[in-house]
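Participant: Can you keep this structure in mind? I'll have questions shortly.
Bear in mind these aren't lab numbers, they're just calculated from the coordinates by the rules spelled out. Note that this is a predicted model, so its numbers are computed, not measured. Virtual Cβ from ideal backbone geometry, glycine too; neighbours counted across all protein chains shown.
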C-alpha cells in the first residue's frame, strides 16, 4: 500500500505539472480535498456498518480498476487523465491507508501495539522505498503511462493481502450508527478526538504550504515532463530511505524513552529550524531539506505516535470518526492550505516561496501547542478506556459498606445518640437480633429499677471487657453504654475474630476523641499484629490531619500487614475525598521500597488476618502464583493515593486478567503515569519485559541493536 502511495504521488505530480502550471496547484488541491471528503463520508458509513476488514479489500479492487481506465484514456485525453489521476489519488489513497490501519490497530491493545504493529510499519517503510525506486526506473526505462499499470497491479495485490488479514479482535456484533452525522457528533463531543482532528488539520496545512514551496522551486529549475517524474520519484525514494534509517536508529528509542508527546513534537521542531534556514538561504537544496524533513519525520515519528493515539479508543467511537480524523481533517487542512496560498497569490502575484515558508513556520508553533494538550488527553483516554470496558471494582462487604455509608452521611459534629442508634440498628440487623423501636427502648429504660452512676457503669464495663468471656463481652458491646475511657480495654479485642466487627463499630464513632490512643496502639510493636492490622479500618472514618498523619506513619512500619492495612485505609479515604492531603513524594518513595524487594519476599507476603482487598484478585494472577498477590495489591493501594484511583484499580484488575486487550491497555496507562524506575521494577514482578532506556552510543551500534524494531509509519498523502 505504501509502495503504491509513493509511486502514485510521484506519477500524479509529474503528469499533472507537465500539463498544468504550478499556480493551478492550489485550486487542484482544494478540488481534490472536496472529492476526498466526499469519499470519507461514504467510506465512513460503510466502515461503521460492515467493518474495515470487509470494506477495505473491496475499495482496493475498485481503485485498481480505475487505474486501468486511466491507462486506456491516457493517449486520447492526457489532460483529462492528469486531473482524474489527481482526484483518484485523493479519493482512494488516504482513505484506504486509514482503513488499512483500522484493520490492523483494532487487533492490538495499546501496549502490545508498540512492538507488534512495528513489524507492519517496517514493511510499510520498505514499501515506500520500493515505490520510489519503481517509479524512478519505470519513468526512465518506459514512460509515465506504464506507471498506471504498475499502480493497478499494486492495489490488486493489496486487495488480496488485506482480505487475508481477516476479522478484527473486536466482536463482529458491535452495533455502530452508520449515519455520517453520528461520527461528526462523536468527534465534536469528544475533546480527545477533536484534538486529534485539529492536529491532523494543522499537519496537512503545513504539508500543503511546504509542498507548494518545494514544487514551485523545482518547476523553476527542472525542464520536461519525464525529468519532473524522475526528480519527484527520486525525492520520494530518498526520503523513504531516510525515513527507514530514522526509524531503526531513533524511532523506537524516542517513543519509548520520551513518550508520544515528545515524538509528535519532533516534526514541527525540525520544520521550524529548517524553515528559518530557508529564509536565509532560499535555494532548491534548502527547500529539499525542508520538505524532506517534514516528510521523513511525519512518516517516522509523527505517524508512528499518532496511530498509537487510536489504540485506547473503543471501536464504537473509533470507526465512525477515524476516517473523519485521518482523511476529512487532512483534506480540510489541504483546503485551508490551498486557501492560504490563493490569498497570498492574490496579494502577491509574483510571490516568492520564502513567503510561504514563513507562514509554515508560524503553523509549526501552533502545532506544538496542540500536541501539548493532546498528550495530556492521551493519558486521560487510557484511564477512560479502562472505565468504559467490562472492568468493575468489587465492593467491600455489605456490613462495612453500610457502616462507611452511615459515617459518611453523618458529620463529625453529629450528636452521639443519632450516630449510635444508626450503627446499632445496622449491627442488630446484621446479627438477626431485631431492632427495638425508640419508644420501646424508652419504656425499658423507665422500667429499670436501678439507675447506675457513670462511674459504676464504667467499672462494670471494664470488668466485662477484661473477663475473657466472649458472650459477656458481646452483651456489653450490644448494650447502650459506651465511654471513650474504655478504648484502652476495647482495642485488644480487635484481635478476637468473633468480636472484631462489633469492636470496630464501637471504636469508630469515638475516633475523633481517641486518635492519640489509636495511634499509639497502631504503632506499638508489642501489640499483636492481628490487633494493629485492624486499627486503620477504625481510624479511616475520620479525615482529620492527625488520622492521616498516623496512617502515613503506619506505611513505614516494618510489618507488611500494618503497611498494607494503612495503605488500604488511606486509599478508601482518598476514594471518598480526593482532596486528601497526602505527600506524593513520600508515597512514591514507599512504592519504590515495596517494588524493590526480591521475588521470594514479594510472593510470600501474607496477612495476619483477612482484610478487604481493593478488588477481587483472582487465583494465580501473576507468574503462576496460587495465592493472592498482596504485594501487588498494596502497591496499587499506594498508587491510588497519587494517581486517578479508579483508573489505578481498574488497571490492577486488568493486569491480572486474561484479556490481552485490557491487560495491554493497563500496561500502557501505567507506563505513561509511573516514574521510570518504579515502572521497571514493577514490570519484573508482573513478568513483563522492561523497556530499554536510551543509551548514547554510536549510530552503527544502535542500528545493529534495533534492526527490525520499528514503529508505525504511514505515508503522507
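Participant: Between Rg and the Kirkwood Rh of region 209-336, both from Cα atoms, what is the Rg to Rh ratio?
Facilitator: On the way: Rg = 16.7 Å, Rh = 16.4 Å.
On the Cα set of region 209-336, Rg over Rh gives 1.02.
Participant: Can you give the Rg to Rh ratio of region 263-317, both from alpha-carbon atoms, with Rh computed by the Kirkwood formula?
Facilitator: On the way: Rg = 14.8 Å, Rh = 12.4 Å.
My calculation of the ratio gives 1.20.
Participant: For region 500-551, would you read off the P(r) tail past 16 Å as a percentage of all alpha carbon pairs?
Facilitator: It works out to 32 percent of all Cα pairs.
Participant: If you don't mind, there's one more thing I want to ask. For 192, 86, what's the fewest-to-most ordering of other Cβ within 10 Å of each Cβ?
Facilitator: Values: 192 18, 86 21.
Ranking 192, 86 by Cβ neighbours within 10 Å, fewest first, gives 192, 86.
Participant: Would you mind ranking 668, 380, 501 so that the residue whose beta carbon has the fewest other beta carbons within 10 Å leads the list? Could the numbers behind the result be given before it?
Facilitator: Values: 668 25, 380 16, 501 20.
Ascending Cβ contact count within 10 Å gives the list 380, 501, 668.
Participant: Suppose a student asked you for the relative contact order of region 2-388, using Cα pairs under 8 Å spaced at least 6 residues apart; what percent would you report?
Facilitator: On the way: 520 pairs, mean separation 118.2, N = 387.
It comes to 31 percent, rounded to a whole number.
Participant: Moving to a separate point now. How much FRET efficiency would the formula 1/(1 + (r/R0)^6) give for residue 143 and residue 577, where r is the Cβ-Cβ distance and R0 is 51 Å, rounded to 0.05?
Facilitator: Values: r = 75 Å, r/R0 = 1.46.
Efficiency at R0 = 51 Å is approximately 0.10.
Participant: Based on a Kirkwood Rh over C-alpha pairs, give the Stokes-Einstein translational diffusion coefficient of region 1-81 at 25 °C and viscosity 0.890 mPa s in µm²/s.
Facilitator: On the way: Rh = 14.7 Å.
Approximately 167 µm²/s, per Stokes-Einstein.
Participant: Hey, how much of the P(r) for region 2-388 falls beyond 41 Å, as a percent of Cα pairs? Working shown, then result.
Facilitator: On the way: 6105 of 74691 pairs.
Result for the distance tail: 8 percent.
Participant: Also, quick follow-up: Sorted from largest down, what three extents in whole angstroms do the Cα atoms of region 37-97 have along their principal axes?
Facilitator: If we take the Cα atoms of region 37-97, the spans are 40, 20, 14 Å.
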